[in-house]
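What follows draws every value from the coordinates through simple rules; no lab data is involved. What you see is a predicted model; the values in this text were computed from it and never measured. Please note: Cβ atoms are built from the backbone with ideal geometry, for glycine as well, and neighbour counts cover all protein chains shown.
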Amino acid sequence: QHTVRFHVDDLKSSHILARVNDLFLVWLNKMYGSHGEVTATRGKSHEYLGMRFDYSVPGRVTIDMSDHMAKIIKDFPFELSKSVPTPAAENIFQVDPTSPLLDQERAEIFHTFVAKVLFACKRSRCDLQVAVAMLCTRVKNPTEEDWKKLIRLLQYVKSTVNDVLTLRADDLYIVKWYVDASFAVHPDFKSHTGVAMTYGSRVPIAVSRKQKLNTRS
């Protein structure tokens, strides 16, 4: 089996025989080399779309986005001195209608940094998904309350900046899905769904999102 993953003009190609990847590289240059040489990197460690894949331990892959997370903290223009144990407090789904709106500058910062963390939480930092999912619903008109929630999220990111995701499978023929929901927790009474998929160890697919429809309990 020759597996190729596509992302625009970036490819990640793998095969049990190295020669198959050699032939694939020759074919790519034959087809598209006139637009620019197609180059390849090989080995146990690969940089791909802001992620570092490390295959040095047999049967495992480590997905490291610590550089991306460190840059988020470095670029954030406000101090993050406090350390917190979780990315979100118990009031993550609560919205105070009396909380004043952010000024234009901080509203733009809010939107930018929620998007930056969203990029990471969908890849190597699924522990951030609940907080990010909620903050994504607040980017249009963020308030002072939302700002405090973003600050807490980034404080947690700062204290866990070097955390990485390690994936392995116990059995590729046994797939387990875990699904749950919190009923009517959003201000518009919509529910929130959480999903995790595993091959027996670790979670390669995790979902945390607001439901689109109001449903009965």
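Quick notes
- Separation of alpha-carbon centers, segment 1-27 and segment 115-131, rounded to whole Å: 28 Å
- Helix-only mean residue ellipticity at 222 nm for the chain, each DSSP H run of n ≥ 4 adding -39500 (n - 2.57), per residue, nearest 500: -10000 deg cm²/dmol
- Packing-based order for 148-158, 73-83, using average beta carbon neighbours within 10 Å, highest first: 148-158, 73-83
- Comparing Cα centroids, segment 81-97 and segment 171-217 end up 21 angstrom apart.
- Working from label points 7 Å from Cα in the Cα-to-Cβ sense, the Gln211 to His35 distance is 4.3 nm.
- Chymotrypsin sites (Phe, Trp or Tyr not before Pro) lying in DSSP loop within segment 1-43, provided at most 16 other Cβ fall within 10 Å: none
- One decimal place: the segment Asp22-Ile73 gains 14.4 nm when fully extended, by the rule 0.36 nm per residue minus the C-alpha distance.
- 29 Å Cα-Cα threshold exceeded, pairs from Lys74/Lys148; Lys44/Lys148; Lys12/Lys210; Lys158/Lys210; Lys82/Lys190; Lys71/Lys212: Lys44/Lys148; Lys12/Lys210; Lys82/Lys190; Lys71/Lys212
- Each of Leu167, Ile151, Asn214 was scored by the projection of its Cα onto the charge dipole of the chain, and the greatest displacement toward the positive side belongs to Leu167; charges sit on the C-beta of Lys, Arg, Asp and Glu.
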